[in-house]
1. Working only within region 66-93, note down all residues that are open to solvent by 30 Å² or more (accessible area, probe 1.4 Å) and touching a strand residue (DSSP E or B) at 6+ places or on another chain (Cβ under 7 Å).
2. Quick check on region 244-253. Is at least one of its residues in contact with a Ser or Thr (Cβ under 6 Å, 6 or more places away or on another chain) and closer than 17 Å to residue 429 by Cβ?
3. Between a residue in region 346-366 that is under 22 Å from residue 300 (Cβ atoms) and free of Cβ contacts under 8 Å to residues at least 24 places away in the same chain and any residue that is part of a loop (DSSP other than H, G, I, E, B) and open to solvent by 30 Å² or more (accessible area, probe 1.4 Å), which pairs come within a Cβ distance under 7 Å, given they are 6 or more apart or on different chains?
4. Do we have any residue at all in region 89-96 that's part of a loop (DSSP other than H, G, I, E, B), of a type in the set (Gly, Ala, Ser) and away from the ligand (no atom under 16 Å from the Cβ)?
5. Is it fair to say residue 216 is outside any helix (DSSP H, G or I), out of contact with any Asp or Glu (no Cβ under 6 Å at 6 or more places or on another chain), in the same structural domain as residue 132 (by TED's automatic domain parsing) and at pLDDT below 95?
6. Of the residues 362, 351, which single one is hydrophobic (A, V, I, L, M, F, W, C) and modelled with pLDDT of 95 or more?
7. Could you tell me how many of the residues in region 314-346 are over 15 Å from residue 384 (Cβ atoms), part of a strand (DSSP E or B) and in contact with an Asp or Glu (Cβ under 6 Å, 6 or more places away or on another chain)?
Amino acid sequence: MGYKATSMPCILRCMCFMLLHWLNAAQDEDLRSCRTAPGDLVFIVDGSWSVEDVNFEIVKRWLVNITKNFQIGQKFTQFGVVQYTDDPILEIPLGKYSTNNDLIRAMESIEYMGGNTRTGTAIEFATDKLFGLSERGPMGVSRIAVVLTDGKSQDEVSKAAEAARKKGVILFAIGVGSETEEAQLRAIANKPFSTYVFSVEDYKGISRIIQVIRQKLCEETVCPARIPIDSRDEKGFDILYHLNFAKKAKKTKGTYHGTKAYEVTSRIDLSEATRSLFPDGLPPSYVFVATLRYKGSVALEQWDLWRIQTRDGRPQMAVTLNGLHGTVQFTTTSHSLTGTQTVTFSQNTKLFDEKWHQLRLLVTEEDVTLYVDDLEMETLTLEPPVGIFINGKTQVGKYVSKETTAPFEIQKLRIYCDPEQNNRETACEIPGVVRTKI
Ligand SMILES: *[C@@H]1O[C@H](CO)[C@@H](O)[C@H](O)[C@H]1NC(C)=O
């Protein structure tokens, strides 16, 4: 009797606990950012004599610091580390550690070797012995190698780098100090060099490029799609394309004769599962660009040009236009209780005058800057954002808190993953805006 009386609630409690645990896990599984994006990441670090003990310790700290930005695990990021001199040493096999703490401990215990600099051999080794043996290889996760060197390689690097690229490995090259050769770094790295080659004056300098390295690594994992622009391909999301505007909306004349735009009316629904648009969330920094024109009745309304909702329809991210106040609002995620933060730019009536305009936002983890027709308007501070839940919808042109579509015309709606695109993107599609960039 006594046995039964106590065991029942115990089983119930246990079941409740399991249920809660399962619900939490299900929730977390849908929370995405580059922290959680799946990728195989291998660091190929120079352990030659020129590095010296003290700098090798800095490199180890640096690896640990980078690790902290990623969630380690079979479903997330896996790290591998190769130290190289004459012969490469497999310090950390890809995917050996499944928690950040274990991985960090392993990184801290790497011992500096000393020797020559055979970078080509090391790249070949990483391609065969790390990427080649990764269990996730066939699953198509990003394969990224970061080569850190402070000298000239004593063997051939370009063949090894080409062979790695053929196997889908993306190579970054970081040169430290004046002994490195730019041409050799370029032979190692992917193109364009402005994205994949870094040079710093000394080992202390590598800590300064952690944020940009992190941004670049994130771009590789969360932004697989490319937008063709002029002669280059930019990493990013062409939202008009992904939301199938060509099929859903009527074509109309754009900003110039011959440019195509779409007429959005209240009869169409521009929604898509976030999971299919942003399966791994957004990178830490990005550029949002929209070329649009207001249509009569919406002038005084408040509507979301773009938003990402949670499964129960709350906005996690949004660009909101308020015609009555002439303001633009930006909403993104945060650590706060509500899970979001919203900033409002000062009044700017120009956007709302029923002419074509380009609205651009440069979003970083610290702030967001608004540009209208290529003119910088204002920068507002942000708290660090967190990931987004991808189990809801991404929508375009919806009235705030409603499912009704607002009428407007749109020619461009994109998110570029490289924040540098903010300096390249012009507003020359807007009549009267002169091209000021090359
Ligand atoms: C690692 O991070 C710590 C704490 O943020 C910082 O003080 C240190 O300079 C970083 N070191 C390197 C090498 O990145």
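The values are calculated or read from the model by the stated rules, or taken from the named source; none is laboratory data. Here the structure is a predicted model, which means the values were calculated and not measured. All Cβ positions, glycine included, derive from the backbone under ideal geometry; neighbour counts span all protein chains shown. Just so you know, the surface numbers come from the protein's heavy atoms only, side chains and all, with ligands and any DNA or RNA stripped out. Shrake-Rupley method; radii C 1.70, N 1.55, O 1.52, S 1.80 Å.
1. Passing the criteria: 71, 89, 90, 91, 93.
2. Checked against the condition, which is being in contact with a Ser or Thr (Cβ under 6 Å, 6 or more places away or on another chain) and closer than 17 Å to residue 429 by Cβ, region 244-253 yields no hits at all.
3. Once the first residue is under 22 Å from residue 300 (Cβ atoms) and free of Cβ contacts under 8 Å to residues at least 24 places away in the same chain and sits in region 346-366, its partners that are part of a loop (DSSP other than H, G, I, E, B) and open to solvent by 30 Å² or more (accessible area, probe 1.4 Å) give 347/325.
4. Yes, there is a match, as at least one residue in region 89-96 is part of a loop (DSSP other than H, G, I, E, B), of a type in the set (Gly, Ala, Ser) and away from the ligand (no atom under 16 Å from the Cβ).
5. Answer is no for this residue.
6. 362
7. Total satisfying the criteria: 2.
Okay, residues lined up against (1) in a strand (DSSP E or B); (2) crowded, with 21+ Cβ neighbours inside 10 Å; (3) free of Cβ contacts under 8 Å to residues at least 12 places away in the same chain:
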| position | (1), (2), (3) |
| --- | --- |
| 377 | yes, no, no |
| 394 | yes, yes, no |
| 414 | yes, yes, no |
| 429 | no, no, no |
